[in-house]
Amino acid sequence: MSNSKRKVRFGIVVFPGSNCDHDAYHVCKHVMQQEATFLWHKDADLKNSDVIILPGGFSYGDYLRCGAIARFSPVMKEVVRFANDGGTVLGICNGFQILVESGLLPGVLLRNASLRFVCKFVHLRVENANTQFTSACTPGEVLHIPIAHGDGNYFTDPDTLARLESNNQIIFRYCTAEGAVTGEANPNGSLANIAGVMNEQGNVMGMMPHPERASDPLLRHTDGQKVLRSLIEYCVSGEATLPAEVERS
Amino acid sequence: MFLSKITITLRKSILDPQGKAVEHAIGTMNIGNIRDVRMGKYIELKIDAADEAAARTMTEQVCTKLLANPIMEDFHFEVEKL
């Protein structure tokens, strides 16, 4: 039953203040040629999605703390349940902030060390290519993807950082074009140049850079497609042996 | 009716770049030696509760679950009877 034509269903959550939801929809549906559906924050229904995307934006105006209020949306209760059952969740930018506030990912995203909103292309080194989110990349590959945030300064306590390192949960680090992880290549002060992390089970990933803004060939940057292609391959080919299904008992 | 006055600040271990920027501006004002500027949030809640202890418990719950993120923030509050 390995029908490569099966389409993956991406569910894209729409919070009040999300502004990358349509970009994500466009890329999933028209560039990657998969199914995409919007999930309204008040609806506790994930519409049988294979992958949930929490898009970028400014949910609830970034009031209180970025992502802190979105976490209490009805849809987030379902997203947490979905994630705890092994479902695949990708948080981009504000979506990453919501994932840490929800406790689905460790750490927190502080104000950029420069205090400035930073909007530019950065280089990311793929630290772990053996994940649902990065299998289309090679280990150590450098991706060129933009960031656009004011609060992307990843922070966590030393014990958690050590755990992230030893479990290979750090997925992307900011680096130079040559792949060197340096202070100069760090756009926001993130601890250990962290740009993206996943949970221990490997089914939830958050990243500050925007793969959906570097996917449509019309915009001439397509490195972001690799994240989506990884997810599609995982959902289509890995159906018989979903690791999350096996681990759950 | 009780009034909770809540102050939230970044934890001591966390660099407060906003506070540093303000501290730098203060330094240019020539009004003496002022250091360790920390920025934070102030939040008020009005609470219908049986007594002050109940109001304190409710405030604590709101702070822990929503108003402050314990990874990066500390909070303290006062409760007064209205």
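The values are calculated or read from the model by the stated rules, or taken from the named source; none is laboratory data. Keep in mind it's a predicted model, so treat the numbers as computed, not measured. Cβ placement follows ideal geometry from the backbone for every residue including glycine, while neighbour counts extend to all protein chains displayed.
Checking each residue in region B:6-26 for being aliphatic (A, V, I, L, M), more than 9 Å from chain A (Cβ to nearest Cβ) and without any contact (Cβ under 8 Å) to a residue 12 or more places away in the chain picks out B:Ala25, B:Ile26. For region A:98-108, indicate whether the set of residues that are surrounded by fewer than 22 Cβ atoms within 10 Å (Cβ to Cβ) and small (Gly, Ala, Ser) is non-empty. Checked region A:98-108: at least one residue is surrounded by fewer than 22 Cβ atoms within 10 Å (Cβ to Cβ) and small (Gly, Ala, Ser).
Screening A:Thr134, A:Thr156 for residues that are crowded, with 22+ Cβ neighbours inside 10 Å and in contact with a helix residue (DSSP H, G or I) (Cβ under 8 Å, 6 or more places away or on another chain) leaves exactly one candidate, A:Thr134. Among the residues making up region A:15-31, a single one is of a type in the set (A, V, I, L, M, F, W, C) and surrounded by fewer than 20 Cβ atoms within 10 Å (Cβ to Cβ): A:Val31. If a residue has to be away from every other protein chain (no Cβ under 14 Å) and in a loop (DSSP other than H, G, I, E, B) to count, how many in region B:68-82 make the cut? Qualifying residue count for the region: 1.
One residue stands out among those in region A:34-77 that are of a type in the set (Asp, Glu) and away from chain B (no Cβ under 14 Å): the one that is surrounded by the most Cβ atoms within 10 Å (Cβ to Cβ), which is A:Asp50. Against the numbered list (1) touching a His at 6+ places or on another chain (Cβ under 7 Å); (2) assigned to a helix (DSSP H, G or I), B:Lys65 comes up short only at (1).
For the condition of a type in the set (Lys, Arg) and part of a loop (DSSP other than H, G, I, E, B), A:Arg81 does not qualify.
Given region A:93-184, what strands (runs of 3 or more DSSP E) lie entirely inside it while holding 1 or more residues that are away from every other protein chain (no Cβ under 14 Å) and at pLDDT 95 or above?
Counting at least 1 such residues, we get A:118-126, A:142-149, A:170-175.
Against the condition farther than 21 Å from A:Thr88 by Cβ, surrounded by 21 or more Cβ atoms within 10 Å (Cβ to Cβ) and within 19 Å of the chain's Cα centre (by Cα), how does A:His144 come out, does it pass? No; evaluated as a whole, the condition is false for this residue. When B:Ile47 is tested against (1) closer than 26 Å to B:Lys81 by Cβ; (2) hydrophobic (A, V, I, L, M, F, W, C); (3) within 13 Å of another protein chain (Cβ to nearest Cβ), exactly one condition is not met: (3).
If the condition is being out of contact with any Ser or Thr (no Cβ under 7 Å at 6 or more places or on another chain), assigned to a helix (DSSP H, G or I) and more than 21 Å from A:Val100 (Cα to Cα), then region A:20-77 contributes A:His22, A:Asp23, A:Tyr25, A:His26, A:Cys28, A:Lys29, A:His30.
Note on region B:34-53: among residues that are out of contact with any strand residue (DSSP E or B) (no Cβ under 8 Å at 6 or more places or on another chain) and of a type in the set (Gly, Ala, Ser), the one that is surrounded by the fewest Cβ atoms within 10 Å (Cβ to Cβ) is B:Ala50.
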